[in-house]
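Scroll down for the structure; my scribbles are underneath it.
The values are calculated or read from the model by the stated rules, or taken from the named source; none is laboratory data. Note that the structure is a prediction, hence the values are computed from the model and not measured. We place every Cβ from the backbone using ideal geometry, glycine too, and count neighbours over all the protein chains shown. To get the accessible areas, we keep the full protein, side chains included, count just its heavy atoms, and leave off ligands, DNA and RNA. Shrake-Rupley method; radii C 1.70, N 1.55, O 1.52, S 1.80 Å.
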Amino acid sequence: MTGTDTRDLAALGPRLPSPLQEVADERFERRGVRLLLKRDDLVHPELVGNKWRKLAPNLAMAEGRTVVTFGGAYSNHLRATAAAGRLLGLPTVGVVRGQELAGRPLNASLARCAADGMRLHFVDRSTYRRKTEPETLAALLGAVDVEDAVVVPEGGSNAEAVRGCRALGEELGEHADVVALACGTGGTLAGLAAGLAQGRRSLGIPVLKGGFLADDIRRLQTRAFGGLRGAWSLDDRFHCGGYARTTPALDSFAEDFEHRHGLPVERVYVAKVLHALLILTEEGAFPRGTTLTAVVTGRPFP
């Protein structure tokens, strides 16, 4: 392909709307709460989950240009972008946090990116923190010799992505009272909340500590829609110490959920939102008769 447009993306055959699956789990049922799973992990075999919704509108603007984006050594977003580049014939560059990784063998996640044709550029952590500053970004683009690139932010969260994620809320319609998902950069929640029907609300479970996400979501909604949209909230208690961190209790819960329901549970995001919903249900956070929907944004890798 010499360019990219919405027809190219449609040819990849995304499964939209993604399926909605009811889960029979007595731990929720005895509290009078119904649990559904929004299976965004089934949207596309390689652009898994919310990555499709966030990347598609950005890739549609590429028009054959190189796509440059950012992430850590285990970034789901980098893998999805690399896969999209291979599928669409677009060159991709991943700016990776951690200069110290440059001389080491690639981990499985970065090896997948490289196998899909992504050029990896490692930077020190101080530079990475400043990557959105105009001078730093210009220097990074110069260093990889792609000044005319399409730049997609870390996690894919920008105004285009937020507008793309609005469809997630619209697909749910009247099927859920509360829709929950785990949040990294907040773009999916920002769009989901905007697309939900009136009277429905969304709940974000941050997977990073720091308490900064609410401001980021407000900024994203303002850029995407001109102001705040929908009813949403965050509960910061379930990050387990930070990104990709876990605890014995979370691991035990995820293994048990897999055994009960035959569903592989991705640990970085999905396990945390499901565990949070169980704890909140047991705390009485949801009135009897509530229908909860958890968005399954990914599946285990590799």
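Summed over segment 6-45, the residues that are closer than 17 Å to Val265 by Cα and open to solvent by 50 Å² or more (accessible area, probe 1.4 Å) give a count of 6. A count restricted to segment 141-159 and to residues that are part of a loop (DSSP other than H, G, I, E, B) and over 15 Å from Val68 (Cα atoms) stands at 0.
Here are some conditions: (1) assigned to a loop (DSSP other than H, G, I, E, B); (2) touching a strand residue (DSSP E or B) at 6+ places or on another chain (Cβ under 8 Å). Ala244 meets all but one. Which one does it not meet? Among (1) assigned to a loop (DSSP other than H, G, I, E, B); (2) touching a strand residue (DSSP E or B) at 6+ places or on another chain (Cβ under 8 Å), the lone unmet condition for Ala244 is (2).
For segment 112-140, the set of residues classified as in a helix (DSSP H, G or I) and under 14 Å from His77 (Cα atoms) consists of Arg112, Cys113, Ala114, listed by residue number. Within segment 12-21, not a single residue is within 18 Å of Ser157 (Cα to Cα) and either in a strand (DSSP E or B) or not basic (Lys, Arg) (or both). What do you reckon, is Leu196 at negative phi and modelled with pLDDT of 95 or more? It is true that Leu196 is at negative phi and modelled with pLDDT of 95 or more. Filtered by the rule that a residue be in a loop (DSSP other than H, G, I, E, B) and modelled with pLDDT of 95 or more, segment 207-240 gives Val207, Gly226, Gly227, Leu228, Arg229, Gly230, Asp235, His239, Cys240. A count restricted to segment 169-207 and to residues that are of a type in the set (Ser, Thr, Tyr), under 17 Å from Lys51 (Cα atoms) and open to solvent by less than 10 Å² (accessible area, probe 1.4 Å) stands at 1.
If the condition is being over 17 Å from the mean Cα position of the chain (by Cα), surrounded by fewer than 16 Cβ atoms within 10 Å (Cβ to Cβ) and on the phi > 0 side of the Ramachandran plot, then segment 239-251 contributes only Gly241. For segment 59-111, the candidate set comprises residues that are of a type in the set (S, T, N, Q) and part of a helix (DSSP H, G or I); within that set, the residue that is farthest from Arg299 (Cα to Cα) is Gln99.
The residues of segment 131-140 that are surrounded by 13 or more Cβ atoms within 10 Å (Cβ to Cβ) and farther than 17 Å from Gly156 by Cα, listed by number, are Thr136, Ala139, Leu140.
Within the option set Arg119, Arg104, Arg86, Arg112, being touching a strand residue (DSSP E or B) at 6+ places or on another chain (Cβ under 6 Å), open to solvent by 40 Å² or more (accessible area, probe 1.4 Å) and among the basic types (Lys, Arg) holds for one residue only, Arg119.
The number of residues in segment 160-193 that are within 22 Å of Asp235 (Cα to Cα), in contact with a strand residue (DSSP E or B) (Cβ under 9 Å, 6 or more places away or on another chain) and not in a loop (DSSP other than H, G, I, E, B) comes to 14.
Cβ-Cβ distances below 6 Å connect the following pairs, each with a first residue in segment 32-47 that is in contact (Cβ under 8 Å) with a residue 60 or more places away in the chain, a second residue that is of a type in the set (Asp, Glu), and a separation of six or more residues or different chains: Leu35/Asp25; Leu36/Glu22.
In segment 210-238, the residues that are open to solvent by 40 Å² or more (accessible area, probe 1.4 Å) reach residues that are small (Gly, Ala, Ser) and part of a helix (DSSP H, G or I) with C-beta atoms within less than 7 angstrom, at least six apart or across chains, in these pairs: Arg223/Ala159; Arg229/Ala193; Arg229/Ala194; Gly230/Ala193; Gly230/Ala194; Ala231/Ala193; Trp232/Ala193; Leu234/Ala214. Condition first: among the basic types (Lys, Arg) and either open to solvent by less than 10 Å² (accessible area, probe 1.4 Å) or within 14 Å of the chain's Cα centre (by Cα) (or both). Now tell me which residues in segment 252-300 satisfy that. Matches in segment 252-300: Arg267, Lys272, Arg299.
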